[in-house]
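Notes follow once the structure below has been shown.
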Amino acid sequence: MTAIAPSPARVRVAALLPRLTLVLAALLAALFTAAGPASAHAALTASDPQDGAVVATAPAQVTLSFSEQVAMGDDSIRVMDPQGKRVDTGELRDMCSGTTIRYGTALHSGLPDGTYTVAWQAVSADSHPVSGAFTFSIGSPSATSVALPTERVGGGPVGIAYDIARYAAYAGFTVLVGGAAFILLCWRRGASQRPLQKLIVRAWVTLTAATLAMLVLRTPYTGSGKFADALDLAGLKAVLETKTGASLVSRLLLLGAAALFIAVLFGAYARKAAEAAEAEETAKRKAKGKAKGRGGDKEAGAGKEANDLLFGLGIGGTVVAGGIAATWALSEHASTGIQPGIAMPADILHLLAVAAWLGGLTALLVALHKVPGIEREAVQRFSRVAFASVLVLAVTGVYQSWRQLGSWSALTGTSYGQLLLVKVGLVAVLVGVAYVSRSWTARLTDAPAGKPAKIARQRDVSRETSPAAVTVPEDPKRAAQLARQRAARENAREKQVRDADPARAGLRRSVLAEAGIAVALLAVTTVLTSTEPGRTAERASVRDSAATAVPNRAIKITLPFDTGGQNGKGSVRVEVDPGRVGANSLHVWIDDPQGQPLDVPEIKVSFTLPAKDIGPLPLLPERAAPGHWSASGVQLPLAGEWRIDVTVRTSDIDQTTVQKNVKIG
C-alpha cells in the first residue's frame, strides 16, 4: 500500500489543536478553582452600627458585612437623617479582607441626635439584585420620615438593556454550538452550504456582541443605573476584578478560539469534505463500471484527511463549547448554594444538551427550508442526537430542580418553582412535537430510493426547458429587472422541488413548530437564571413568617428603670396576651430592687410599628392592685415588630421611659 503524505493544512491544524486544547483546559481549570462554595444570594450578616442600636456619639462611618461577594457602587449605601436628607459622603469603601466581605461609607461630621435610616442595594455573586434597610439612633430615638430610594439595582432602562443582552447571549450560544454540532455529527456536507454558514456566523456575532454589551453595562447595572457610567474606566476595572467580569472576559477569549474553529470548519474542512464526497461518488461509479482508471489512493487520502480534520474539530469544538458554557456555570446559580462542585459540571452538560437539541433544531429548520438536497440520513442522525440530548437534559434537570427547590412546596409556592413548572410543560410539548417529527423522518426513510433522484431530474428538466435570455439589454435597469425575474423563477423552482415531497414538507412544518416552542422554552430558561431559587425564597419566607409568628403563649418582657429620684429604681414587667393581631389584654407590674411590688403615681404605655409608620398608640392602664396596672381590648391592627414604650413616674418630677421591640403575629 502506498503511504499518503499529510497535506500542509492538516499538519498545521494537527499541530495547533493540542496547544489550543491545553490553553483552553488551563483556562477552564482557572475558572473552576476560582469558584468556591457560597450561599445562594448574598445576605447581610452584620452592620456597624447594628440594626436598632442607640449610640452615644455619631459614628464616623457605616459598614455592612455580607455572606458572600457582592457588587456595589458609590450609591449602593445611603444613610439618611430623620428628615430624609442624605448624610453620607457617597463614596463606597471596600473593606474586604480574606473571607470577610465588608463595605462601608463615611458620614458627615456633627450629626445631630435622632434616628437614621441606612438603605443598601447590591448584586450578589449569582447575579441577583439584593437590597435592604435598617435604622440606628444617635443619642435617643426620634420620629423619622424617610422615603427609601425608588431606584432598584438592576432595574430601569439599563436593566432592560442588560436583560436583552443576556437573552441574546443564550440564543447565540445555543445556535452557535448546536449548528456546529449538527454539521459535524449529522450533515458534514452542510459545512459548504451558505445558509448554514450564515446562521453560525451570525450566532457567533450575536454572542460576542451580547457579551461585550454585558461587560460594559455591568457597572451601571450594579451601580447608578445610568448609561453614561458604561464609559467609566475605573468602574470597568472594578468589574474585571469580580467573578462575573472574569467569566465575561473568559467568554470573549473563548469566542476568539471559536472564530478559529469556524474558519477551519467552513474553510479547510468544507473543501476536504467536498473532495471526499466527490471521491466517494467516483468510487461508486467505478463500482458500477461507469468509470475507468486508477485513483483509489487519491480517494482514500481525501477521505482520511477529511476524517482527521473532523476528529480535530470535534475535540477542539467540544473544549471551546464546554468552556463557553462554563462561563455561565461560574457566574450564576450553579456557582452558589449547595454542592457547587457537582452543580457546575451538571450545568455545563445541561447547557450543551440544550444547545445540541435546540440549536441543532434551528440548523435543521434552515437546511430544510434553504437546502432542498439535504439527505434523509442527516435527519435520522439528528433524531438520535436529539434523543441523547433529551436524556442528558432529564438527568441534569432533575438534579438542578432538587438543588434549587429543596422541597415539593417550593415547586408551587415560589416564583422559581412556578417558572420551572412552565418550563417542564414546554419541554413536554416539545417532546410531543418532536415525536411527530420522528414519524415524518420515518416516512422519509421509507420513501422509495428513486424518488429524490426523480425530483432532481424534474428540477434539471425545468431548468433546461425554461426560457433563457439570448441577449443582455444595455439598459442597466432592464438588466437588473431581468436578473430579479430569473432569481424569482429559480426560487419558485426550488420551492416546487421542496414541496414535491409531502413527507419532507410535513417534516418542515413540524420542525418549525418545534423551533417556535424552543424559543419560548429558551426565554423561560433565561428568566429562571435571574429568578431567586426556590430553596432560598422558601427559607426567606420561613424567616419572615417566624419573625411574625403567633406565639404559643403571651409575650412577657422585663425592663429595668431608674427615674433618678428617691425610690426611683426598679423593674417593670409587661405581659401582652395573646400577643397577636387584634384585641389583647395588657398587664404591667412594677417591682422594687428587692422584687417587691412598688406603687408609683403613674404608668403610661404606647405601641409603635415603625415599619408601617403606625403609632405611637397611647394607652393609660388602670391600677388593679398595688404595683399592678392592666388594660383590656388593646387593639394591634397589623403584624410586625412593635415597639412598646413604658413611662414610669415615681414622683412629681422624676420619670423615665423604657422600651422594647417585640414580635406581634
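What follows is calculated from the coordinates using simple rules that are stated; it is not laboratory data. All of these numbers come straight from a predicted model, not from anything done at the bench. Every residue, glycine among them, receives a Cβ derived from its backbone with ideal geometry; neighbour counts consider all protein chains shown.
Worth a mention:
- Pairs exceeding 29 Å between alpha-carbon atoms, taken from 556/612; 85/660; 569/612; 226/423; 237/423; 85/556: 569/612; 226/423; 237/423; 85/556.
- For the pair the stretch 196-214 and the stretch 568-638, the centres of their Cα atoms are 68 angstrom apart.
- Integer Hz, Karplus 6.51/-1.76/1.60 couplings in order for the stretch 347-361, x for Gly and Pro: 5, 4, 4, 4, 5, 5, 5, 4, 5, 4, 7, 6, x, x, 4
- The order of the peptides 81-87, 206-212, 483-489 by mean Cβ neighbours within 10 Å, most packed first, is 206-212, 81-87, 483-489.
- Size of the stretch 562-635 as Cα extents on the principal axes (Å, biggest first): 39, 23, 18
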